[in-house]
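Chemist: The structure is given below, and queries will be raised subsequently.
The values are calculated or read from the model by the stated rules, or taken from the named source; none is laboratory data. Remember, predicted model here, so these are calculated numbers, not experimental data. Because the Cβ atoms are built from the backbone with ideal geometry, glycine has one as well, and the counts that use them run over all protein chains shown. These area figures cover heavy atoms from the full protein model, side chains too; ligands, DNA and RNA do not enter into them. Shrake-Rupley method; radii C 1.70, N 1.55, O 1.52, S 1.80 Å.
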Amino acid sequence: MRNVFFALLFLLSINNLYCQVYKDSTRSVDERIDDLISRMTTEEKFWQLFMIPGDIYPDQDKYKNGIFGFQVNSAGTNTDVSQQILAYSAGENAYKTARKINAMQKYFVEETRLGIPFIPFDETLHGLIRDGATSFPQAIGLAATWDTELMHDVATAIGKESKSRGIKQVLSPVVNIANDVRWGRTEETYGEDPFLVSEMGVAYISAFEEMNIIATPKHFVANVGDGGRDSYPIQWNERHLRETHFIPFKAAILKAGARSIMTAYNSYNGSPCTANSWLLQDVLKDEWNFNGFVISDAGGTGGANVLHMTAKDYSDATAQSIKNGLDVIFQTNYEHYKLFSPPFYDGSIPEETLNAAVRRVLRLKFELGLFENPYVDPIKAKDWNGNPQHKAIALNAALESIVLLKNENQTLPISKHVKSIALIGPEADTCRLGGYSGPGNNKVSLLDGLSQHIDDDIKLFHTQGCERNKKSYHVIPSEYLACYTEEGVHQGLKGEYFNNVNLKGEAAFSRIDPSINFQWTLFSPNPEKLGNDFFSVRWTGKINTPETKKVKIGIEGNDGYRFYINNELLIDNWAKQSHRTKLVEYKFKKGNDYSIRIEYHEPFGNSIFKLVWDYGVSDETKEIKKACQIAKKCDLAIIAVGIEEGEFQDRGKLSLPGNQEKLIKEVAATGTKVAVVIIGGSAVEMTAWMDDISTILTAWYPGEEGGNAIAQVLLGDYNPGGKLPITWPVHEGQLPLVYNHKPTGRGDDYINLTGEPLFPFGYGLSYTSFDYENIQLSSDHISKSESTFISIDITNTGSVAGDEVVQLYIKDKLASVARPIIELKGFRRVHIKPKEKTTIQFEITPQMLSMLNKSLNTVVEPGEFEILIGSSSKDIQATSILTVK
């Protein structure tokens, strides 16, 4: 009997093994998903909806229930498959990453109960953000190429470098509309126009999806609000979203096949985008039939609790998000799971909803082939990362991205009569890559590039002149601060934190703060002991200087403080009003300790507070004077300047930071011709200095080959042909300013500014000139369902070959609802030899003529449409009228 029992047990185990449908690659994906979900516990389902950065080492057992995926970084780790080393070549680091991901996959496939592989994911905005990966021009620069074929080539190169390491999903691209250039993330976008953003986004996404890598366009939806503020609440109506911000996302899904979408941090019409049922369920999944999975931005699921205050806690925020259409929670730490997992177990999330989200994740894991072959060949990672072909693509992309904004008296290209060049500015001897960048491979600065490309008989002189963002003061370091406790002397000041705004009673807690440099925008100084919007602090201790000197000292930050030295009240700014900097001059003697006390209260939150002085801050007057002396002796001065921006770094002012404007004006005053090169991802206000210099070009963040590209443009080895993907304002007071706004009821001028930009959308100069003539419609009367073709001849009338971006705009002459004054509907970048003529043809389809009527239905209304073709949105060279019957 006992033998029969064991025989039956054996047969049951064998039967169970062979009945694991989800492991049978001959079965349909739906059958495999159904089988796998039926076997999963609630805990295993939760972990398929949780993604974090990191890896499984050294605590593999924490992941015994699986996980959605990891953002894997191999640098500085020490596992059984990869030892930490001091230096890598590009291929070695990629090889190491591939081996590490293979080892992690092996754990999940072979050592977890169900053997569900994970999805390795990463950021690839303009190159994989890891050691050894090629860094291409920033996204805004790629958009400035107006070259979708090049964009596809760039994305394919990034895809090969990523996939060879084992990466299966990329959290890119950004297809938000940059409708206000004050937004710090303008650099990450493809500009302000829905059509251009869509075309560039489709070119990028399709390259990844063709390689079976999941692309994740973001951030759904409208990640920039009033004032150009990142993640600000959006209150726009449905028409505006459908006519602008929805367009690139819809194209990403329906045209490019994107299989993942990332939500935005902001709220839309009062509901967080991460928990917005209308956005995620009604529009994305039901209307657009999106079958992929929706992920939050990092930490975004809890934003409903922390920021929007529409959920009572993290559990409530999680339940709202999953029930309203979010599938995957993206967090930054393993331990965060404790905050987000409770509603999966207590019934707050219906089982049907939970299973639907898990189904979406599992479907893509099957589509990726992870269950059959989760591993990659590390040798291929060595081959593709640091590949010379990709470096060549990066150079070509940088060349095509550069936009020539001004070029009086043919200052550029550099004449053969120029025998000496002064290269000046904070961006001359560096190679900044922009946001979401890896370190790049063998980055080339402008100084490097010019040194390599100029003739031997040209003398090149270099000096910095000034820093990019020099302030007249800085935070006081801990080495000049001291306080005393029972344990002894400490660097820094003693902070006593009170849960009231008047420093009364016993402190909620005390601690040593090494420096006073805080930005408590989301959390309090100690979330466990203090609220973030009603507290006060008293800092006490000693301060000294290593020399006898008069120093300007004080506070940069929110009002509501008193500042004492040796019990003398030097600054009384107790009334709450604003954020500002207040400094007083104080004479310190070497070797003396001075008692210091700061009292601060914050009744509202969003607190910024810094103790600052001007000790040790160098005066740049001498450096600027040195730059002028060098420039005066040269035939040409090239000044490379830059801006500060990025995620959560929006700009209230568009002028160049620090003393860069002063540097430009004083060098220009020497009489030497000046060419300014701007490094940055957005517009710069240049009223103060533009008329003083002859030439301006913007190189954006041109990638690791940027120095070579800029040098070739300056020297005339390459003729710039890039065009602006954004409207460039005269002044930030005009913002938001876009070319495709709807007609005004009266006018768009100010009493001290017009409504016109400094440089319009689509603008960019060349070293040659182009004539547009002979515009022709194949048929100028069509039905609502017909297409027609329009052609135009473009002639290069100059003496050098060049690229022209031919732009087609459409204007609806009469409509049932207000339409944009013009809309970009087509473009073509063409290379034309001197005196050569080429014919460009565009097909005008019903989709290009369509609009949303009063009921938000897509229609083509009969009537006249003006077809405009030109070199920018303002430089229209030819028009024709098309009548729709």
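Chemist: Towards the positive end of the charge dipole of the chain, with charges on Cβ (+1 Lys, Arg; -1 Asp, Glu), say which of Q629, N592, S655 has the farthest Cα.
Modeler: Of Q629, N592, S655, it is N592.
Chemist: What order do R259, R828, R113 take when sorted by accessible area (1.4 Å probe), most exposed first?
Modeler: R113, R828, R259
Chemist: Right, another one. Taking semi-axes √(5λ) of the Cα gyration tensor in Å straight from the coordinates, which label in (1) 53, 33, 26; (2) 52, 37, 23; (3) 44, 42, 29 is the correct one?
Modeler: (3)
Chemist: Something else now. Show me, for the stretch 429-437, the HN-Hα J-couplings you get by feeding each phi into the Karplus relation (A = 6.51, B = -1.76, C = 1.60, θ = phi - 60°), rounded to Hz, glycine and proline as x.
Modeler: Once θ is set to phi - 60°, the couplings for the stretch 429-437 become 10, 9, 9, 6, 9, x, x, 6, 10 Hz.
Chemist: In debye to the nearest 20, how big a dipole does the stretch 462-502 give about its Cα centre with +1 on each Lys and Arg Cβ and -1 on each Asp and Glu Cβ?
Modeler: 380
Chemist: Along the stretch 570-576, what does the Karplus equation 6.51 cos²θ - 1.76 cosθ + 1.60 (θ = phi - 60°) give for ³J(HN,Hα), rounded to whole Hz, x for Gly and Pro?
Modeler: 9, 9, 10, 10, 6, 5, 6
Chemist: Can you tell me which lysines have their Cα less than 16 Å from the Cα of K813? Leave out same-chain residues fewer than eight positions away.
Modeler: Qualifying lysines at Cα under 16 Å: K742, K784, K825, K885.
Chemist: Right, next: Does the stretch 708-797 come out rounded, prolate or oblate, given a ≥ b ≥ c as the square roots of the eigenvalues of its C-alpha gyration tensor, rounded meaning a/c under 1.5 and, failing that, prolate meaning a/b above b/c?
Modeler: Oblate shape, in that a/c is at least 1.5 and b/c is the bigger or equal ratio.
Chemist: Follow-up question, since we're still on this one. When only DSSP loop residues count, what chymotrypsin sites (Phe, Trp or Tyr not before Pro) in the stretch 745-793 have their Cβ near at most 15 other Cβ atoms within 10 Å?
Modeler: Y750
Chemist: Using packing as a proxy for protection, rank 28-36, 178-186 so that the peptide with the highest average count of other Cβ atoms within 10 Å comes first.
Modeler: Highest-to-lowest ranking by the protection proxy: 178-186, 28-36.
Chemist: Here's something else I'd like to know. Which loop-located GluC sites (Glu not before Pro) does the stretch 713-790 contain, where loop means any DSSP state but H, G, I, E or B and the Cβ has at most 16 other Cβ atoms within 10 Å?
Modeler: Answer by residue number: E786.
Chemist: Return the long-range amide H neighbours of K552 (sequence gap of 5 or more, or a different chain), with a cut-off of under 5 Å between placed amide H atoms.
Modeler: Y586, D614, Y615
Chemist: Right, something else. Tell me the carbon and sulfur percent of the accessible area for the chain, rounded to whole percent, probe radius 1.4 Å.
Modeler: Carbon with sulfur: 47 percent of the solvent-accessible area.
Chemist: Next question, about the same structure. To the nearest 20 debye, what charge dipole does the stretch 409-476 have about its Cα centre, counting +1 at the Cβ of each Lys and Arg and -1 at the Cβ of each Asp and Glu?
Modeler: 280
Chemist: Moving to a separate point now. Mind checking the per residue accessible area of the stretch 238-364 for me, 1.4 Å probe, whole number of Å²?
Modeler: 36
Chemist: Now, a different point. Can you pull the one-decimal nm distance between simple spin-label points at T581 and H453, each 7 Å off the Cα toward Cβ?
Modeler: 3.6
Chemist: Sort 90-99, 797-806 by the packing proxy (mean of other Cβ within 10 Å over each peptide's residues), most packed first.
Modeler: Packing proxy ranking, top to bottom: 90-99, 797-806.
Chemist: Say each of A815 and D35 gets a label point 7 Å from the Cα, pointing the same way as Cα to Cβ; how far apart are those two points in nm?
Modeler: 5.3
Chemist: On a straight-distance basis, which aspartates and glutamates could pair with K419 in a cross-link, Cα separation under 15 angstrom, same-chain partners fewer than 8 positions away excluded?
Modeler: Here the aspartates and glutamates satisfying the reach criterion relative to K419 are D455, D456, D457, D635.
Chemist: Here's another thing I want to ask about it. So, in nm, how far is label I881 from label Y57 when the simple model puts each one 7 Å beyond its Cα toward the Cβ?
Modeler: 7.3
Chemist: Also, I was wondering about something else. Using just the helices of the chain, give the 222 nm mean residue ellipticity in deg cm²/dmol: DSSP H runs with n ≥ 4 each add -39,500 (n - 2.57), and the total is spread over all residues, rounded to 500.
Modeler: Helix-only estimate at 222 nm: -7000 deg cm²/dmol.
Chemist: Another question, if that's okay. Counting only residues 5 or more places away or on other chains, whose amide H sits under 5 Å from the amide H of V175 once H atoms are built in the peptide plane?
Modeler: K218, H219
Chemist: Moving to a separate point now. Hey, what's the stretch 592-656 come to in accessible area per residue, 1.4 Å probe, Å²?
Modeler: That works out to 45 Å² for each residue.
Chemist: For a test of the definition: using alpha carbon positions, the gyration tensor, and the 1.5 limit on a/c, classify the stretch 570-694 as rounded, prolate or oblate.
Modeler: oblate
Chemist: Identify, among S783, G870, I844, the residue whose Cα sits farthest towards the positive end of the charge dipole of the stretch 781-879, taking +1 on the Cβ of Lys and Arg and -1 on the Cβ of Asp and Glu, with the dipole about the Cα centre.
Modeler: In the stretch 781-879, that residue is G870.
Chemist: Let me ask something additional. Placing +1 at every Lys and Arg Cβ and -1 at every Asp and Glu Cβ, with all other atoms neutral, what dipole size does the chain have around its Cα centre, in debye to the nearest 20?
Modeler: That gives the chain a dipole magnitude of about 1020 debye.
Chemist: Rolling a 1.4 angstrom probe over the protein heavy atoms, how many square angstrom per residue are accessible across the stretch 678-740?
Modeler: 19
Chemist: Where a ≥ b ≥ c are the square roots of the eigenvalues of the C-alpha gyration tensor, would you call the stretch 738-781 rounded, which needs a/c under 1.5, or, failing that, prolate if a/b is larger than b/c, or oblate?
Modeler: oblate
Chemist: Considering the options G616, W700, Y63, tell which one lies farthest towards the positive end of the dipole of the chain, charges being +1 on Lys and Arg and -1 on Asp and Glu at the Cβ, about the Cα centre.
Modeler: G616
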